[in-house]
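FYI, it's all coordinate maths here, none of it is from the lab. Please read all numbers here as calculations on a predicted model, not as lab measurements. Reconstructed Cβ throughout: ideal geometry from the backbone, glycine too, with neighbour counts over all protein chains shown.
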Amino acid sequence: MSTQITISLPDETYRRAKKLAQLTRRDVATVMADTLSLSLPELDVAMTSTAVADLSNEEVLALADLQMDATDDRKLSHLLDKQQAGTLTETERLELIRHMQLYQSSLLQKAEGLAKAVQRGLREPMTA
């Protein structure tokens, strides 16, 4: 199921989307829909998981050190390379979206763990 919406984009954003659409031989609407799908993490997992505030110090540190599984990381890199080369199949495009959502969800969890670790004094704040 999909919902149709109308949005206004900055000219530069539209120009980049149009260029990507041309390079990947897709229409601009599909590029924009895919970009939004890749950019918005699936928050249902984070919403149902244990609140970071309720985790032990050890669990908070483990969350702060969270790394993507090596196999998933390699697969994501491979799919991104194929996307860059313009050789991504439709099946691979959907797989890329799934891997990007997994990556973004993990990154969000890691950031929450790191923020809580700093708040608890378990880690030093990152410097600019």
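Under the membrane-span-like helix rule (DSSP H runs whose alpha carbons stretch at least 15 Å along the helix axis, mean Kyte-Doolittle hydropathy 0.0 or higher), the chain yields 28-39.
As a rough guide to protection, the peptides 24-37, 111-124 ranked by mean Cβ packing within 10 Å, highest first, stand as 111-124, 24-37.
Placing R0 at 30 angstrom, the Cβ-Cβ distance between residue 51 and residue 23 gives a FRET efficiency of 0.10 after rounding to 0.05. The Rg/Rh ratio of the chain, with both radii computed over alpha carbons and Rh defined as the Kirkwood radius, is 1.06. Every helix of 4 or more DSSP H residues in the chain counts as -39500 (n - 2.57), and over all residues that averages to -21500 deg cm²/dmol at 222 nm.
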